[in-house]
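Student: Below: one structure in structure tokens.
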Amino acid sequence: MLADLLRASHLMPIEMLPAKASECARAAGFHQVLIYVADLQRTSLRLLAGDETTGRGHEAELHVEGTVPGRAYQYIDVLPAASAGEDVFEWWVPLLDGTERLGLLRVSAGRNDAETRTDMEALAALIALIIVSKRPTSDELAKRVRAQPMSLAAEMQWNLLPPRTYADARVAISASLEPAYRISGDVFEYAVDGPLVHLAIFDAMGHDTAAGLSGTLALGAYRNARRQGADLIGRSEAVEAALLEQYGHQRYVTGILATLDTGTGTLQWVNRGHHPPIVIRDNRWTTRLACTPGHPMSTDLGLPITVCQEHLQPGDRVVLYTDGITEARRPGGREFGIERFTDFLIRHHADGLPVPETLRRLIHALLEYHEGRLQDDATVLLCEWIGPHTEPAAVAAEWTGLSSAGLDGGAGPRP
């Protein structure tokens, strides 16, 4: 099954994947495989249909909230689907790019045993890899995950950002941002470099295409400087230089640029006119990390840039965010606020939700609080330092929800 599908994938457009997956899956005793991908806001699951016959008799769109497939997606769990007959068993199986949720498979088979489950999970893993490999060149897939038109600035931003979830045994990262189809100047970034994890969040002035261009330029300059070996101050100066060269003093960008040493738990960062990072400890205590801010990038005010440092404990979560998170308000009402924001993260983590699902719910709570329409970009980037060791990965699996589905790759017991 896997060998045939992998061989076929090299010369296969994404439109052929549903039919080819079902065809190859018959070698493992599966009757049918349907592929559902999550929309950009992660509120629905949409059928990837290669032709009119694919998925006939099945819903083309499924809600994430209040449905069995939605629960399988939220909790990254293999769950039974409504059976098509007495001798037919069907399941919802998560599609994952590493720890990033892509959608679900609906798989039907004539048997129900441990081997079947193992084969389903292996098939889902390969289909996810194929989807990710085809995504940069597929307009069909890009249109399938959109529920509404996208602004030009959002088109640029989404094509630059890393996946919204990453985890290994040392660190777990998740991010979310809204309004998904109208984001303009907010961008987030993370990258792993040996024992170092680089984190950044930028908020460009304005809410138009020019803000999107400024955010894009800031992210590109930051990556370029980082990959050439610049330190934190040098990276922020490179961003400022690029903005000044392009816009003079007409546009500016605020941001936090940080590096976490996973071997020691040492977090270093510079603040360029932005909200300070927050640390959540023991899922109870919150601390705003004090650091004298430098001037926003491209204002060229000449303020000193300070590298600040904090020693984390295993399990500490570092939260970077933009003002759209805390300053969202109903007309004439109170702001969402920093306390409501951190309380939301703490309560939902205590409820046992995977952190990616907590952030998904946070963004939707924010939208609801703002009556469905944000006036500013709202972005949050959360990073938990698990510890210095590359194995086992049990905590990361639990953090992202993989352990509930048995998809943790033999991570072993939680220490």
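Student: Can you find a residue that is open to solvent by less than 40 Å² (accessible area, probe 1.4 Å), of a type in the set (Asp, Glu) and under 22 Å from the mean Cα position of the chain (by Cα) anywhere in segment 82-93? Lay out the reasoning, then the answer.
Tutor: First pass over segment 82-93, keeping only residues open to solvent by less than 40 Å² (accessible area, probe 1.4 Å): 85, 88, 90-93.
Add one more test, that the residue is of a type in the set (Asp, Glu), and what stays is 90.
Of the ones still in play, those that are also under 22 Å from the mean Cα position of the chain (by Cα) are none.
Scanning segment 82-93 turns up no residue that is open to solvent by less than 40 Å² (accessible area, probe 1.4 Å), of a type in the set (Asp, Glu) and under 22 Å from the mean Cα position of the chain (by Cα).
Student: Turning to a different aspect of this structure: Condition first: of a type outside the set (Asp, Glu), free of Cβ contacts under 8 Å to residues at least 24 places away in the same chain and farther than 22 Å from Pro149 by Cα. Now tell me which residues in segment 36-67 satisfy that. Please lay out each step first, then the result.
Tutor: In the first step, residues of segment 36-67 are kept if they are of a type outside the set (Asp, Glu); the result is 36-38, 40-50, 53-58, 60, 62-64, 66-67.
Applying the additional criterion that residues be free of Cβ contacts under 8 Å to residues at least 24 places away in the same chain yields 47, 53, 56-57, 60, 63, 66-67.
Once the filter is applied, which keeps residues that are of a type outside the set (Asp, Glu), free of Cβ contacts under 8 Å to residues at least 24 places away in the same chain and farther than 22 Å from Pro149 by Cα, segment 36-67 yields Thr53, Arg56, Gly57, Gly66, Thr67.
Student: What number of residues within segment 177-199 are in a strand (DSSP E or B), out of contact with any Phe, Trp or Tyr (no Cβ under 9 Å at 6 or more places or on another chain) and modelled with pLDDT under 95?
Tutor: Going through segment 177-199 one residue at a time, the tally reaches 1.
Student: Among (1) within 22 Å of the chain's Cα centre (by Cα); (2) farther than 18 Å from Ala258 by Cα, which single condition is Leu303 missing?
Tutor: (1)
Student: Residues that are crowded, with 18+ Cβ neighbours inside 10 Å and hydroxyl-bearing (Ser, Thr, Tyr): does segment 308-322 have at least one?
Tutor: Yes, there is a match, as at least one residue in segment 308-322 is crowded, with 18+ Cβ neighbours inside 10 Å and hydroxyl-bearing (Ser, Thr, Tyr).
Student: If you don't mind, there's one more thing I want to ask. Within segment 159-171, restricting attention to residues that are open to solvent by 40 Å² or more (accessible area, probe 1.4 Å) and under 11 Å from the mean Cα position of the chain (by Cα), which residue is farthest from Cys383 (Cα to Cα)? Don't jump to the end; show me each part of the working.
Tutor: Our first condition is that a residue be open to solvent by 40 Å² or more (accessible area, probe 1.4 Å); within segment 159-171, this holds for 159-160, 163, 166.
Still in the list and also under 11 Å from the mean Cα position of the chain (by Cα): 163, 166.
Details: Pro163: 14, Tyr166: 9 Å.
The qualifying residue farthest from Cys383 (Cα to Cα) is Pro163.
Student: Same structure, new question: Can you tell me which of (1) modelled with pLDDT of 95 or more; (2) among the β-branched types (Val, Ile, Thr); (3) farther than 27 Å from Gly302 by Cα is the one Val239 doesn't meet?
Tutor: Checking Val239 against (1) modelled with pLDDT of 95 or more; (2) among the β-branched types (Val, Ile, Thr); (3) farther than 27 Å from Gly302 by Cα, the one that fails is (3).
Student: Suppose we filter Asp282, Asp343, Asp300, Asp316 for residues that are without any contact (Cβ under 8 Å) to a residue 24 or more places away in the chain and of a type in the set (Asp, Glu); which single one remains? Break it down stepwise before answering.
Tutor: Working: Asp282 fails: without any contact (Cβ under 8 Å) to a residue 24 or more places away in the chain; Asp300 fails: without any contact (Cβ under 8 Å) to a residue 24 or more places away in the chain; Asp316 fails: without any contact (Cβ under 8 Å) to a residue 24 or more places away in the chain.
Among Asp282, Asp343, Asp300, Asp316, only Asp343 is without any contact (Cβ under 8 Å) to a residue 24 or more places away in the chain and of a type in the set (Asp, Glu).
Student: Next up: With the condition kept exactly as written, say whether any residue in segment 25-35 is touching a helix residue (DSSP H, G or I) at 6+ places or on another chain (Cβ under 9 Å), assigned to a helix (DSSP H, G or I), touching a residue at least 24 places away in the same chain (Cβ under 8 Å) and open to solvent by less than 10 Å² (accessible area, probe 1.4 Å).
Tutor: Yes: one or more hits.
Student: In segment 241-264, which residue that is touching a His at 6+ places or on another chain (Cβ under 6 Å) and under 14 Å from Val318 (Cα atoms) is surrounded by the most Cβ atoms within 10 Å (Cβ to Cβ)?
Tutor: Ile256
Student: Output the residue which, of all residues in segment 289-307 that are aliphatic (A, V, I, L, M) and open to solvent by 60 Å² or more (accessible area, probe 1.4 Å), is nearest to Leu374 (Cα to Cα).
Tutor: Ala290
Student: Another question about this same structure. Tell me, yes or no, whether segment 106-124 has at least one residue that is among the hydrophobic types (A, V, I, L, M, F, W, C) and within 18 Å of the chain's Cα centre (by Cα).
Tutor: Scanning segment 106-124, I find no residue that is among the hydrophobic types (A, V, I, L, M, F, W, C) and within 18 Å of the chain's Cα centre (by Cα), so the answer is no.
Student: Considering each residue of segment 320-340, count those that are in contact with a Phe, Trp or Tyr (Cβ under 9 Å, 6 or more places away or on another chain) and either modelled with pLDDT of 95 or more or assigned to a loop (DSSP other than H, G, I, E, B) (or both), and give that number.
Tutor: 7
Student: On to the next question. Considering each of Thr286, Thr390 in turn, give the residue that is assigned to a strand (DSSP E or B), open to solvent by 60 Å² or more (accessible area, probe 1.4 Å) and of a type in the set (Ser, Thr, Tyr).
Tutor: Within the list Thr286, Thr390, the selection yields Thr286.
Student: A follow-up question, please. What are the residues in segment 1-20 that are open to solvent by 60 Å² or more (accessible area, probe 1.4 Å), of a type in the set (D, E, K, R) and free of Cβ contacts under 8 Å to residues at least 60 places away in the same chain, if any?
Tutor: Asp4, Arg7 - these are the residues of segment 1-20 that are open to solvent by 60 Å² or more (accessible area, probe 1.4 Å), of a type in the set (D, E, K, R) and free of Cβ contacts under 8 Å to residues at least 60 places away in the same chain.
The values are calculated or read from the model by the stated rules, or taken from the named source; none is laboratory data. This structure is a prediction, so every number in the text was calculated from the model and none was measured. Please note: Cβ atoms are built from the backbone with ideal geometry, for glycine as well, and neighbour counts cover all protein chains shown. Note: accessible area is taken over every heavy atom of the protein model, side chains too, but ligands, DNA and RNA are not part of it. Shrake-Rupley method; radii C 1.70, N 1.55, O 1.52, S 1.80 Å.
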